[in-house]
Amino acid sequence: MKIRTLSVLLAGSCLALACSTIHAQDVAEGQWINLFDGESLYGWTPVGDGNWEVSDGVLSLTQGNSGFLATLAQFSDFDLSVTMRVTGMGTAGIAFRAPLSGYAQEQGGAAVNLVAGEDNAAFSTVNIRALGKEVTAQVNDIDVPTAVSNTKGHIAIQFHKYDRFKKGPKLEIKEVKLRPLAMTSLFNGENLDGWNIIPDRKSVFSVNDGALNIKDGNGQIETTGVYRNFVLQLDIYSNGDHLNSGVFFRTPPGVFWVGYEAQIRNQWTRDDRSKPVDFGTGGLYGLKPARKVVSNDREWFTMTVACCDNHYAVWVNGYQTADFTDTRPVSEDANGKNGYVSTAGTINLQGHDPTTDLSFKNIHIQPLD
(Lines give C-alpha, C1' and ligand atoms only; values in the text may rest on other atoms or scores of the structure.)
Protein backbone atom coordinates (compact mmCIF):
# COMPACT_ATOMS: atom_id res chain seq x y z
CA MET A 1 0.00 0.00 0.00
CA LYS A 2 1.27 3.46 -0.87
CA ILE A 3 1.47 6.02 1.92
CA ARG A 4 0.65 9.68 1.62
CA THR A 5 0.62 12.10 4.55
CA LEU A 6 -1.13 15.42 4.86
CA SER A 7 -0.98 18.05 7.54
CA VAL A 8 -4.59 18.90 6.88
CA LEU A 9 -7.76 17.32 8.17
CA LEU A 10 -9.51 16.61 4.89
CA ALA A 11 -8.05 15.80 1.50
CA GLY A 12 -9.56 17.58 -1.48
CA SER A 13 -11.29 20.92 -1.91
CA CYS A 14 -14.76 19.39 -1.82
CA LEU A 15 -14.34 18.07 1.73
CA ALA A 16 -15.78 20.63 4.12
CA LEU A 17 -16.06 19.81 7.79
CA ALA A 18 -19.50 20.13 9.28
CA CYS A 19 -19.84 20.33 12.62
CA SER A 20 9.54 8.31 18.19
CA THR A 21 11.50 11.13 19.58
CA ILE A 22 9.51 11.44 22.76
CA HIS A 23 10.46 8.97 25.48
CA ALA A 24 8.00 7.31 27.85
CA GLN A 25 9.63 8.81 30.92
CA ASP A 26 8.87 12.33 29.66
CA VAL A 27 5.10 11.93 30.03
CA ALA A 28 2.60 10.47 32.47
CA GLU A 29 0.76 7.91 30.35
CA GLY A 30 -2.85 7.01 30.92
CA GLN A 31 -4.79 3.83 30.17
CA TRP A 32 -5.96 2.88 26.68
CA ILE A 33 -9.60 3.43 25.75
CA ASN A 34 -11.39 2.07 22.70
CA LEU A 35 -12.90 4.77 20.49
CA PHE A 36 -14.47 2.04 18.33
CA ASP A 37 -16.27 -0.60 20.40
CA GLY A 38 -16.42 -3.24 17.65
CA GLU A 39 -20.22 -3.19 17.83
CA SER A 40 -21.57 0.17 16.69
CA LEU A 41 -20.93 3.81 15.79
CA TYR A 42 -21.53 4.84 19.40
CA GLY A 43 -19.60 7.99 20.24
CA TRP A 44 -19.10 8.97 16.58
CA THR A 45 -20.88 11.37 14.20
CA PRO A 46 -20.87 10.92 10.39
CA VAL A 47 -20.55 13.82 7.94
CA GLY A 48 -20.82 13.63 4.17
CA ASP A 49 -22.27 10.97 1.90
CA GLY A 50 -20.58 7.92 3.37
CA ASN A 51 -22.41 4.70 4.11
CA TRP A 52 -20.96 3.29 7.35
CA GLU A 53 -21.75 -0.08 8.89
CA VAL A 54 -20.37 -2.47 11.51
CA SER A 55 -20.21 -6.21 10.96
CA ASP A 56 -18.12 -8.92 12.63
CA GLY A 57 -16.18 -6.35 14.63
CA VAL A 58 -15.16 -4.32 11.58
CA LEU A 59 -16.26 -0.75 10.83
CA SER A 60 -16.66 -0.31 7.08
CA LEU A 61 -17.24 2.52 4.65
CA THR A 62 -19.03 0.63 1.89
CA GLN A 63 -19.58 3.59 -0.41
CA GLY A 64 -19.15 7.35 -0.48
CA ASN A 65 -17.39 10.13 -2.29
CA SER A 66 -16.26 12.54 0.40
CA GLY A 67 -16.75 12.88 4.12
CA PHE A 68 -15.64 11.69 7.50
CA LEU A 69 -16.65 10.00 10.72
CA ALA A 70 -15.58 11.88 13.86
CA THR A 71 -15.58 11.24 17.58
CA LEU A 72 -17.94 13.40 19.58
CA ALA A 73 -15.30 13.60 22.31
CA GLN A 74 -12.24 15.82 21.98
CA PHE A 75 -8.67 15.01 22.95
CA SER A 76 -5.40 16.90 23.32
CA ASP A 77 -2.24 14.88 24.09
CA PHE A 78 -2.40 11.18 23.28
CA ASP A 79 -1.11 8.04 21.66
CA LEU A 80 -3.50 6.91 18.94
CA SER A 81 -3.42 3.52 17.23
CA VAL A 82 -5.64 2.57 14.28
CA THR A 83 -5.77 -0.67 12.31
CA MET A 84 -7.27 0.02 8.87
CA ARG A 85 -7.38 -0.98 5.21
CA VAL A 86 -8.18 1.25 2.21
CA THR A 87 -9.16 -0.20 -1.17
CA GLY A 88 -10.98 1.09 -4.23
CA MET A 89 -10.31 4.53 -5.72
CA GLY A 90 -9.20 7.46 -3.57
CA THR A 91 -7.66 8.14 -0.19
CA ALA A 92 -8.64 7.70 3.42
CA GLY A 93 -6.92 8.30 6.71
CA ILE A 94 -6.95 9.42 10.31
CA ALA A 95 -7.30 13.07 11.26
CA PHE A 96 -6.65 14.39 14.76
CA ARG A 97 -7.07 17.55 16.84
CA ALA A 98 -9.69 18.31 14.24
CA PRO A 99 -12.61 20.75 14.35
CA LEU A 100 -16.11 19.78 13.27
CA SER A 101 -16.68 22.78 11.01
CA GLY A 102 -14.78 24.44 8.22
CA TYR A 103 -11.60 23.25 6.56
CA ALA A 104 -9.00 21.85 8.93
CA GLN A 105 -6.27 22.94 6.50
CA GLU A 106 -7.20 26.46 7.50
CA GLN A 107 -7.82 25.62 11.18
CA GLY A 108 -4.81 23.68 12.37
CA GLY A 109 -5.98 20.07 12.02
CA ALA A 110 -3.73 17.26 10.79
CA ALA A 111 -4.00 13.80 9.26
CA VAL A 112 -2.17 10.72 8.10
CA ASN A 113 -3.71 9.52 4.85
CA LEU A 114 -3.40 6.25 2.94
CA VAL A 115 -3.83 5.90 -0.81
CA ALA A 116 -6.18 3.05 -1.72
CA GLY A 117 -4.57 -0.25 -2.59
CA GLU A 118 -5.71 -3.52 -4.16
CA ASP A 119 -8.70 -5.41 -2.78
CA ASN A 120 -6.40 -7.97 -1.17
CA ALA A 121 -4.16 -5.35 0.46
CA ALA A 122 -3.15 -6.04 4.03
CA PHE A 123 -4.38 -4.01 6.97
CA SER A 124 -2.07 -1.18 8.02
CA THR A 125 -1.36 0.11 11.51
CA VAL A 126 -1.28 3.88 11.96
CA ASN A 127 0.31 5.15 15.18
CA ILE A 128 0.21 8.82 16.12
CA ARG A 129 1.68 10.54 19.17
CA ALA A 130 0.56 14.11 19.82
CA LEU A 131 2.24 15.75 22.80
CA GLY A 132 2.02 19.52 22.81
CA LYS A 133 3.61 20.80 19.60
CA GLU A 134 5.58 17.59 19.14
CA VAL A 135 3.76 15.19 16.84
CA THR A 136 5.07 11.94 15.38
CA ALA A 137 3.36 9.39 13.15
CA GLN A 138 4.16 5.96 11.75
CA VAL A 139 2.42 3.71 9.25
CA ASN A 140 3.50 0.09 9.66
CA ASP A 141 6.42 1.35 11.80
CA ILE A 142 7.62 3.69 9.02
CA ASP A 143 7.92 7.33 10.09
CA VAL A 144 5.79 9.77 8.13
CA PRO A 145 5.82 13.56 8.45
CA THR A 146 2.88 15.39 9.95
CA ALA A 147 2.24 18.62 11.84
CA VAL A 148 -0.59 20.20 13.80
CA SER A 149 -1.19 23.54 15.50
CA ASN A 150 -4.49 22.92 17.28
CA THR A 151 -4.16 22.06 20.96
CA LYS A 152 -7.22 19.81 21.04
CA GLY A 153 -9.91 18.45 18.78
CA HIS A 154 -11.72 15.40 17.48
CA ILE A 155 -10.41 12.15 15.99
CA ALA A 156 -11.81 11.63 12.49
CA ILE A 157 -11.79 8.87 9.88
CA GLN A 158 -11.80 10.72 6.57
CA PHE A 159 -12.20 9.65 2.97
CA HIS A 160 -12.10 11.25 -0.49
CA LYS A 161 -12.46 9.92 -4.02
CA TYR A 162 -10.40 11.11 -6.95
CA ASP A 163 -12.42 13.31 -9.29
CA ARG A 164 -11.59 11.19 -12.33
CA PHE A 165 -13.23 8.10 -10.83
CA LYS A 166 -16.94 7.41 -10.45
CA LYS A 167 -16.55 5.54 -7.17
CA GLY A 168 -14.72 6.43 -3.98
CA PRO A 169 -12.56 4.35 -1.66
CA LYS A 170 -13.67 1.49 0.52
CA LEU A 171 -12.45 1.57 4.09
CA GLU A 172 -12.27 -1.04 6.84
CA ILE A 173 -11.36 -0.31 10.47
CA LYS A 174 -10.61 -3.02 13.02
CA GLU A 175 -9.41 -0.93 15.93
CA VAL A 176 -9.24 2.69 17.06
CA LYS A 177 -7.73 3.13 20.51
CA LEU A 178 -6.32 6.11 22.37
CA ARG A 179 -4.16 6.62 25.46
CA PRO A 180 -4.08 10.06 27.13
CA LEU A 181 -0.63 11.52 27.76
CA ALA A 182 0.78 14.33 29.91
CA MET A 183 -1.56 13.51 32.78
CA THR A 184 -1.14 15.05 36.24
CA SER A 185 -1.69 13.08 39.43
CA LEU A 186 -4.45 14.35 41.73
CA PHE A 187 -3.73 11.85 44.52
CA ASN A 188 -0.29 11.05 45.91
CA GLY A 189 -1.24 7.68 47.43
CA GLU A 190 0.08 8.71 50.85
CA ASN A 191 -2.26 11.33 52.29
CA LEU A 192 -5.12 13.67 51.40
CA ASP A 193 -2.98 16.63 50.36
CA GLY A 194 -4.66 18.43 47.48
CA TRP A 195 -8.16 17.42 48.63
CA ASN A 196 -10.80 19.10 50.77
CA ILE A 197 -13.47 17.28 52.78
CA ILE A 198 -16.93 18.84 52.91
CA PRO A 199 -17.50 19.32 56.66
CA ASP A 200 -20.40 18.11 58.82
CA ARG A 201 -21.02 14.93 56.82
CA LYS A 202 -20.81 11.28 57.86
CA SER A 203 -18.30 9.83 55.40
CA VAL A 204 -14.92 8.73 56.73
CA PHE A 205 -11.98 9.32 54.38
CA SER A 206 -8.61 7.61 54.77
CA VAL A 207 -5.60 6.39 52.82
CA ASN A 208 -4.93 2.65 52.98
CA ASP A 209 -2.38 0.71 50.92
CA GLY A 210 -1.99 3.60 48.48
CA ALA A 211 -5.73 4.03 47.89
CA LEU A 212 -8.20 6.69 49.01
CA ASN A 213 -10.98 4.92 50.90
CA ILE A 214 -14.50 6.22 51.60
CA LYS A 215 -16.71 4.56 54.22
CA ASP A 216 -19.99 5.06 56.07
CA GLY A 217 -22.64 7.71 55.38
CA ASN A 218 -22.96 10.46 52.81
CA GLY A 219 -20.11 12.84 52.21
CA GLN A 220 -17.83 14.40 49.64
CA ILE A 221 -14.10 14.90 49.15
CA GLU A 222 -13.04 17.30 46.39
CA THR A 223 -9.91 18.56 44.66
CA THR A 224 -8.53 21.91 45.76
CA GLY A 225 -8.20 22.87 42.09
CA VAL A 226 -11.00 23.43 39.59
CA TYR A 227 -11.26 22.11 36.05
CA ARG A 228 -13.57 22.81 33.13
CA ASN A 229 -12.37 20.75 30.15
CA PHE A 230 -10.32 17.63 30.84
CA VAL A 231 -9.72 13.91 30.50
CA LEU A 232 -9.85 12.18 33.89
CA GLN A 233 -8.82 8.60 34.67
CA LEU A 234 -8.99 6.74 37.96
CA ASP A 235 -9.08 3.18 39.30
CA ILE A 236 -12.03 2.19 41.51
CA TYR A 237 -12.77 -0.76 43.79
CA SER A 238 -16.18 -1.53 45.29
CA ASN A 239 -15.72 -3.42 48.57
CA GLY A 240 -19.28 -4.78 48.67
CA ASP A 241 -22.35 -5.72 46.66
CA HIS A 242 -23.81 -3.05 44.36
CA LEU A 243 -22.41 -0.17 46.40
CA ASN A 244 -23.42 3.32 45.32
CA SER A 245 -20.95 6.17 44.72
CA GLY A 246 -19.99 8.62 42.02
CA VAL A 247 -17.32 10.80 40.47
CA PHE A 248 -18.59 14.38 40.33
CA PHE A 249 -17.16 17.13 38.12
CA ARG A 250 -17.76 20.82 37.47
CA THR A 251 -18.93 21.18 41.07
CA PRO A 252 -18.57 24.63 42.69
CA PRO A 253 -16.05 24.36 45.56
CA GLY A 254 -17.66 23.48 48.86
CA VAL A 255 -21.08 22.70 47.38
CA PHE A 256 -22.56 19.29 48.11
CA TRP A 257 -23.56 16.85 45.34
CA VAL A 258 -24.04 19.13 42.33
CA GLY A 259 -22.32 19.42 38.95
CA TYR A 260 -22.31 16.26 36.84
CA GLU A 261 -21.92 12.72 38.19
CA ALA A 262 -20.35 9.68 36.56
CA GLN A 263 -22.21 6.97 38.44
CA ILE A 264 -20.66 4.01 40.27
CA ARG A 265 -22.97 1.06 40.84
CA ASN A 266 -22.09 -2.41 39.54
CA GLN A 267 -25.63 -3.73 39.23
CA TRP A 268 -27.88 -4.76 36.36
CA THR A 269 -31.25 -6.43 35.85
CA ARG A 270 -31.25 -10.22 35.83
CA ASP A 271 -28.36 -11.39 33.62
CA ASP A 272 -28.53 -8.44 31.22
CA ARG A 273 -25.64 -6.01 31.68
CA SER A 274 -27.27 -3.68 29.14
CA LYS A 275 -30.01 -2.96 31.70
CA PRO A 276 -28.24 -1.07 34.49
CA VAL A 277 -29.79 -0.44 37.89
CA ASP A 278 -29.82 3.22 38.96
CA PHE A 279 -27.95 4.35 35.80
CA GLY A 280 -25.13 1.83 36.39
CA THR A 281 -21.38 2.28 36.58
CA GLY A 282 -20.28 4.57 33.78
CA GLY A 283 -23.65 6.22 33.35
CA LEU A 284 -24.18 9.96 33.79
CA TYR A 285 -26.53 10.04 36.74
CA GLY A 286 -29.90 11.62 35.98
CA LEU A 287 -28.96 12.09 32.33
CA LYS A 288 -27.75 8.95 30.58
CA PRO A 289 -27.75 5.34 31.82
CA ALA A 290 -24.70 3.23 31.10
CA ARG A 291 -25.26 1.38 27.85
CA LYS A 292 -23.66 -1.64 29.49
CA VAL A 293 -22.27 -2.35 32.97
CA VAL A 294 -18.84 -3.85 32.28
CA SER A 295 -17.28 -3.63 35.77
CA ASN A 296 -17.69 -5.93 38.76
CA ASP A 297 -17.68 -5.56 42.52
CA ARG A 298 -14.49 -6.57 44.35
CA GLU A 299 -12.39 -6.00 41.22
CA TRP A 300 -10.38 -2.91 40.30
CA PHE A 301 -11.75 -1.14 37.25
CA THR A 302 -10.70 2.01 35.40
CA MET A 303 -13.07 4.89 34.67
CA THR A 304 -12.27 7.55 32.07
CA VAL A 305 -14.26 10.79 31.83
CA ALA A 306 -13.80 13.17 28.89
CA CYS A 307 -15.39 16.58 29.51
CA CYS A 308 -15.16 19.34 26.91
CA ASP A 309 -17.54 22.29 26.63
CA ASN A 310 -21.04 20.75 26.61
CA HIS A 311 -20.03 17.20 25.71
CA TYR A 312 -19.31 14.40 28.20
CA ALA A 313 -18.24 10.82 27.60
CA VAL A 314 -17.42 7.97 29.98
CA TRP A 315 -15.45 4.75 29.48
CA VAL A 316 -15.14 1.85 31.92
CA ASN A 317 -12.28 -0.58 31.37
CA GLY A 318 -11.79 1.03 27.96
CA TYR A 319 -15.40 0.50 26.82
CA GLN A 320 -17.52 3.59 26.20
CA THR A 321 -20.53 3.47 28.49
CA ALA A 322 -22.04 6.94 28.07
CA ASP A 323 -22.04 9.86 25.66
CA PHE A 324 -24.04 13.04 26.24
CA THR A 325 -24.23 16.49 24.66
CA ASP A 326 -25.91 19.00 26.96
CA THR A 327 -28.10 21.35 24.93
CA ARG A 328 -30.24 22.49 27.90
CA PRO A 329 -30.31 26.02 29.33
CA VAL A 330 -27.67 26.82 31.94
CA SER A 331 -28.49 25.45 35.40
CA GLU A 332 -28.99 28.25 37.91
CA ASP A 333 -27.70 26.11 40.78
CA ALA A 334 -24.82 24.40 38.90
CA ASN A 335 -26.67 21.09 39.18
CA GLY A 336 -26.08 19.03 36.06
CA LYS A 337 -29.30 17.12 36.67
CA ASN A 338 -31.26 20.34 36.18
CA GLY A 339 -29.40 22.00 33.32
CA TYR A 340 -26.11 22.77 31.62
CA VAL A 341 -23.17 23.53 33.90
CA SER A 342 -20.74 25.63 31.86
CA THR A 343 -18.21 26.69 34.50
CA ALA A 344 -15.11 25.04 35.92
CA GLY A 345 -15.48 23.10 39.15
CA THR A 346 -13.90 20.53 41.41
CA ILE A 347 -13.47 16.82 40.83
CA ASN A 348 -15.02 15.06 43.81
CA LEU A 349 -15.72 11.58 45.10
CA GLN A 350 -18.99 10.65 46.76
CA GLY A 351 -19.77 8.86 49.96
CA HIS A 352 -23.39 7.81 49.45
CA ASP A 353 -24.84 6.00 52.45
CA PRO A 354 -23.95 3.83 55.50
CA THR A 355 -22.99 0.90 53.25
CA THR A 356 -20.37 2.93 51.37
CA ASP A 357 -16.95 1.28 51.20
CA LEU A 358 -15.06 2.20 48.04
CA SER A 359 -11.41 2.73 47.19
CA PHE A 360 -9.82 5.00 44.57
CA LYS A 361 -6.25 5.20 43.25
CA ASN A 362 -4.23 6.31 40.21
CA ILE A 363 -6.31 9.48 39.89
CA HIS A 364 -4.92 11.45 36.96
CA ILE A 365 -6.18 14.40 34.91
CA GLN A 366 -5.23 16.05 31.65
CA PRO A 367 -6.66 19.58 31.39
CA LEU A 368 -7.84 20.46 27.87
CA ASP A 369 -8.05 24.24 28.25
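The values are calculated or read from the model by the stated rules, or taken from the named source; none is laboratory data. In this text the structure is predicted, and so the values were computed from the model without any measurement. Positions of Cβ are generated from backbone atoms using ideal geometry, with glycine treated the same way; all protein chains shown enter the neighbour counts.
Here are the numbers for this structure:
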| item | result |
| --- | --- |
| Residue among D309, D297 that is farther than 29 Å from L100 by Cα and surrounded by fewer than 24 Cβ atoms within 10 Å (Cβ to Cβ) | D297 |
| Filtered residues of segment 345-358 (kept if surrounded by fewer than 18 Cβ atoms within 10 Å (Cβ to Cβ) and either under 20 Å from the mean Cα position of the chain (by Cα) or of a type in the set (S, T, Y) (or both)) | T355 |
| Complete set of residues in segment 248-270 that are out of contact with any Asp or Glu (no Cβ under 8 Å at 6 or more places or on another chain) and among the hydroxyl-bearing types (S, T, Y) | Y260, T269 |
| Of the criteria (1) of a type outside the set (V, I, T); (2) buried (at least 18 other Cβ atoms within 10 Å of the Cβ); (3) farther than 30 Å from G88 by Cα; (4) in contact with an Asp or Glu (Cβ under 8 Å, 6 or more places away or on another chain), which one K152 fails | (4) |
| Segment 317-333 - residue that is hydrophobic (A, V, I, L, M, F, W, C) and surrounded by fewer than 20 Cβ atoms within 10 Å (Cβ to Cβ) and, of those, farthest from Q31 (Cα to Cα) | V330 |
| Counted residues, segment 17-49 - those being in a loop (DSSP other than H, G, I, E, B) and either buried (at least 21 other Cβ atoms within 10 Å of the Cβ) or modelled with pLDDT of 95 or more (or both) | 12 |
| Number of the exception - N65 against (1) modelled with pLDDT of 90 or more; (2) in contact with a Cys (Cβ under 9 Å, 6 or more places away or on another chain); (3) not β-branched (V, I, T) | (1) |
| Residue ID - surrounded by the most Cβ atoms within 10 Å (Cβ to Cβ), chosen from residues in segment 169-208 that are basic (K, R) and part of a loop (DSSP other than H, G, I, E, B) | R201 |
| Residue within segment 258-268 that is of a type in the set (S, T, Y), in the same structural domain as T281 (by TED's automatic domain parsing) and out of contact with any Cys (no Cβ under 9 Å at 6 or more places or on another chain) present | no |
| Residue ID - surrounded by the most Cβ atoms within 10 Å (Cβ to Cβ), chosen from residues in segment 223-247 that are over 15 Å from T304 (Cβ atoms), in contact with an Asp or Glu (Cβ under 8 Å, 6 or more places away or on another chain) and of a type in the set (S, T, N, Q) | S238 |
| Checking S55 against (1) at pLDDT 90 or above; (2) within 21 Å of the chain's Cα centre (by Cα), the condition it does not meet | (2) |
